[in-house]
Every structure is written in C-alpha cells, then in structure tokens.
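The values are calculated or read from the model by the stated rules, or taken from the named source; none is laboratory data. Fair warning: this is a prediction, and the values are worked out from it, not measured in the lab. Methodologically, a virtual Cβ is constructed for each residue, glycine included, from the backbone with ideal geometry; neighbour enumeration extends over all protein chains shown. Side chains included, ligands, DNA and RNA excluded: accessible areas come from the protein's heavy atoms. Shrake-Rupley method; radii C 1.70, N 1.55, O 1.52, S 1.80 Å.
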Amino acid sequence: MAGIIVEMTQKIITTRVKEVLTKERVLEFIGTTEIPDRDGEVIKADAWQVDRYIKNPVVQWAHQYSQPPVGKTLSIRQNKKKETIFEIEFAEKETYEFADTIYKLCKGGFLNATSVGFIPIEYEKGKKESDATRIFTKVELLEI
C-alpha cells in the first residue's frame with residue numbers, strides 16, 4: 001500500500017508590524033500577501049484553511065518546535081489589499097523571557113518579517129512568464 005507524503009512548506013514575508021493600542025502585548029503582522037515571494041510563489045488570500053490551527057494558535061520562533069511558543073494568534077483576517085493579517089499576543093516576561101525579547105524586537109522594528117508554515121493542498125502553475133511560478137489556492141496553516 002502506498003503511503004502519502006505530506007510536506008510542510010515555509011514562506012518568509014517582509015512585513016509591517018503595528019501595535020494594537022487597545023490590547024496589551026498585541027502586535028499586528030502582515031503574514032502573507034498575493035505578491036510573489038522570493039521563490040516566485042503566491043498564496044491566495046482565500047487559500048487559507050485555518051480551522052485546525054485556531055484550535056492551537058501557537059506562534060513559534062523561527063519554526064522551532066523544540067521551544068515553547070512565543071505567542072498566540074488572536075485573529076486572522078484579510079484586508080482589501082488581499083493581505084492576510086495576524087493579530088498576535090506575546091507571552092509576558094514573567095511567563096517566558098525569550099518571548100518578551102521577541103515582542104520588544106518586533107515592536108521596536110528590529111524584526112520585520114514573518115514566516116508561515118503550511119501544508120500545500122492545491123496549487124496551479126503560472127500561465128505566463130510574468131506570473132508567479134506557483135499559485136497556492138488551498139493551504140492548511142500549521143504555524144506562524
């Protein structure tokens with residue numbers, strides 16, 4: 001019987017970080033856009049399958065599963081520019097000092113990229129040379 005191989009893919013996006021003033025220790029990140037990344041690939045804004053992720057919305061530091069998460073996702077939405085926006089709450093210093101350091105580095109503008117880990121489910125190839133090489137039309141979010 002043949003097995004199914006599931007591959008996790010990671011994408012790094014240069015982003016803008018915005019403080020959510022109505023909530024303590026919460027920052028807003030652009031997680032993905034429909035602009036081709038450095039691999040020439042695009043994740044469509046409506047491609048995200050997030051039901052499983054929402055049950056355990058952890059924010060990992062640099063995809064390091066051997067470390068505790070630095071935060072949790074409070075909300076995921078798309079804006080008019082078809083950017084996927086993640087609202088992330090970071091752990092307090094007393095809870096996890098490293099998470100506090102990451103929070104302060106993001107808030108201060110020293111870290112300004114995000115990376116999403118996902119399972120590609122469906123994609124199509126770009127039709128013209130000017131298109132993205134792959135356009136993901138359905139992906140399952142694993143972690144940020």
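Here are some notes:
- All positions within the range 25-42 that are outside any strand (DSSP E or B) and among the polar types (S, T, N, Q): THR33
- Looking at LYS104, LYS93, just one residue is assigned to a loop (DSSP other than H, G, I, E, B), charged (D, E, K, R) and surrounded by fewer than 17 Cβ atoms within 10 Å (Cβ to Cβ), and that residue is LYS93.
- The residue that is nearest to the chain's Cα centre (by Cα), among those in the range 26-72 that are small (Gly, Ala, Ser) and open to solvent by less than 30 Å² (accessible area, probe 1.4 Å), is GLY31.
- Picking from residues in the range 73-92 that are more than 13 Å from the chain's Cα centre (by Cα) and of a type in the set (Asp, Glu), the one that is farthest from ALA45 (Cα to Cα) is GLU92.
- Residue count for the range 100-144, restricted to those that are among the polar types (S, T, N, Q) and more than 17 Å from VAL70 (Cβ to Cβ): 3.
- Set side by side, the residues ALA113, ALA132 differ, and just one is open to solvent by less than 90 Å² (accessible area, probe 1.4 Å), within 17 Å of ASP46 (Cα to Cα) and modelled with pLDDT under 90, which is ALA132.
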